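These notes are about the structure you will find just below.
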Amino acid sequence: MSAPPEPRELFMAEQIPAADEAFTLAEARVLVDCAYVAGSGRANEAVVEIFAQLQRVVHQDAAALMAWDSLAGEHVVLGSSIYNPATLTGLGEPYAKTDPYRRMLTTHRPLRISDLPYDYRKTTLYQEVLRPAGFGDGMSTCVFAADGTYAGILHMSAESPTAFAARHVHMIEALTASLGRLCSLRRLRSALLPADEGSRASLVDHTGKPRLIDEYEPATCLADPDFGRFVERLLRTHSHVLFGVWPVHGSWVSVRVERVQDPLFEHSAALLVTESPWQTSYGLSARELDVLNGLAQGASNQRIASERSISVRTVTTHVERILAKLGQESRAGAAAKAAREGLLRLDLIATRRGAI
C-alpha cells in the first residue's frame with residue numbers, strides 16, 4: 001500500500017485543471033507554495049508571502065486580502081501590497097455594495113473587469129477609487145470557509161488595462177479554498193474568559209480599535225473616550241495585567257485589562273478587556289468608592305466636595321468611614337491598600353505603578 005500523499009501532492013492532484021487549461025510548471029509551483037503558506041497559521045506573514053509568490057506569474061501591481069468579521073459587520077485587512085489607505089477603504093464596504101461583488105457571491109468565481117457585461121471603468125467606484133490610484137485592470141474574488149460561509153474577499157489590480165488573462169482567473173480560483181481558511185478569523189474563546197453572569201468582554205487590537213468576542217457583549221467602559229485614550233496609552237507599554245474599577249453611567253464596574261497576543265495579527269499585542277458588575281468590598285458604598293478614588297489622587301476634602309457637588313462635612317464623614325473600613329490610619333495607607341485590592345480606577349492604578 002502506498003503512503004498517503006503529502007499535503008502539497010494532494011493540493012496539486014485536486015487543483016490542477018484539465019489539459020486544455022493546464023498550468024505551466026512555474027504556475028503550478030506557485031500555487032503549491034501559496035497553498036502551503038496559507039496553511040502555516042501565520043495569517044499576516046502568509047498573506048505577504050502569497051502576494052509575493054503570485055506576483056511572479058500573475059504580475060499584479062497591488063493586492064489585498066480582506067477577512068469578513070461577521071460580528072463587527074465589516075471587512076478587516078489581513079494584508080495588502082501597494083494599495084494606499086484610501087483605496088483599501090473603498091475596496092471594503094463600498095465595494096461590497098456593488099454589482100460585481102454580488103455576482104461573485106452568487107457564482108463563487110473570480111471576476112475581472114473584462115468579464116463584466118458593461119464598462120466597469122465608467123462606474124463611480126472605479127472613477128473615485130481605482131482610477132485615482134492608477135489602476136487600469138482589476139480582478140477580485142469572494143472566498144469562503146470550509147462550511148461554505150462567506151469569509152472575505154481578494155482584490156488584485158494592475159496598471160495595464162489588459163493585465164489579467166483567463167489563466168490568471170483559473171489560478172486564483174484554485175487558491176480560493178486556501179484563502180478561505182486563511183480568512184477564517186480566529187477569536188479568543190470563552191474558555192479564556194470569565195463565566196460570571198453579567199460579564200462583558202472586548203479585545204482592543206494593536207491600532208486601538210475595539211473588536212467583539214464571540215458569545216460576549218462588548219465592555220461598556222470602552223464607550224468612554226477617557227477609557228479609550230487610557231488603553232491606547234497602555235498598548236504602548238509592556239504592562240501585562242491591571243485590574244481595578246471604572247465609572248460607568250453613574251455607577252462602577254470591575255475591569256481587568258490583560259495584554260495578550262492578538263488572535264488575528266499574530267505578532268502584535270492586544271488588550272483583553274473584561275468587565276463585570278462591581279461587587280462591594282470592605283462594605284464600601286459606591287459613593288465611598290468614589291471618594292476613595294478622589295483621595296487616592298491626592299485631592300483635598302474641599303476639592304473632592306467641589307468636584308462632586310457635596311459638602312465638605314459629607315466628604316469628611318466618608319473619609320473617616322473609608323479609613324475605618326479599610327483598617328487604615330492615613331489617607332496614604334488607604335490609597336495604597338485600595339491600589340493593591342483593585343479598588344481604584346485603572347488609569348490611576350497604572351499611574352501609581354508607573355505603567356503609563
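The values are calculated or read from the model by the stated rules, or taken from the named source; none is laboratory data. None of the values given here were measured: they were computed from a predicted structure. Cβ atoms come from the backbone with ideal geometry, glycine included; neighbour counts cover every protein chain shown. Note: areas computed on protein heavy atoms with side chains; ligands, DNA, RNA excluded. Shrake-Rupley method; radii C 1.70, N 1.55, O 1.52, S 1.80 Å.
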Scaled radius of gyration (Cα, divided by 2.2 N^0.38 Å) that the stretch 292-339 gives:
1.05
The stretch 138-164 versus the stretch 276-306: alpha-carbon centroid distance in Å
55
Using the alpha carbon gyration tensor of the stretch 24-85, what are the three equivalent-ellipsoid semi-axes (square root of 5 times each eigenvalue), largest first, in whole Å?
23, 15, 9
Considering only the chain, percent of DSSP beta bridges that pair antiparallel, nearest 5:
100
With n ≥ 4 as the cut-off for DSSP H runs, can you work out [θ] at 222 nm for the chain, using -39500 (n - 2.57) per run divided by the number of residues, rounded to the nearest 500?
-11000 deg cm²/dmol
For the stretch 333-350 versus the stretch 220-243, the gap between their alpha-carbon centres in whole angstrom:
16
Give, in whole angstrom and from largest to smallest, the semi-axes √(5λ) of the equivalent ellipsoid of the chain, with λ running over the eigenvalues of the Cα gyration tensor.
55, 22, 16
Given a 1.4 angstrom probe, what's the average accessible area per residue across the chain, in square angstrom?
49
Across all Cα atoms of the stretch 34-141, Rg and the largest Cα-Cα distance (Dmax), in Å, are 14.1, 40
Leading residue at positive end of dipole, the chain (Cβ point charges), from 25, 220, 46
220
Within the chain, what's the longest stretch lacking GluC sites (Glu not before Pro) that sit in DSSP loops with no more than 16 other Cβ atoms inside 10 Å?
1-158
Quick one: longest stretch of the chain between exposed loop trypsin sites (Lys or Arg not before Pro), exposed meaning at most 13 other C-beta atoms within 10 Å and loop per DSSP?
57-185
Over the Cα atoms, compute the radius of gyration (one decimal) and Dmax (the largest Cα-Cα distance, rounded to a whole number) for the stretch 229-356, in Å.
15.9, 54
Placing +1 on the Cβ of each Lys and Arg and -1 on the Cβ of each Asp and Glu in the chain, which of 271, 161, 108 has its Cα farthest towards the positive end of the resulting dipole?
271
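Dipole of the chain, Cα-centred, from +1 at each Lys and Arg C-beta and -1 at each Asp and Glu C-beta, to the nearest 20 debye?
Once rounded to the nearest 20, the dipole reads 1400 debye.
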Determine the dipole magnitude for the stretch 216-336: charges of +1 sit on the beta-carbon of Lys and Arg, -1 on that of Asp and Glu, nothing else is charged, the reference point is the Cα centre, and the result goes in debye to the nearest 20.
480
The stretch 115-254 - Debye-derived log10 I(q)/I(0), Cα point model, q = 0.12 Å⁻¹:
-0.77
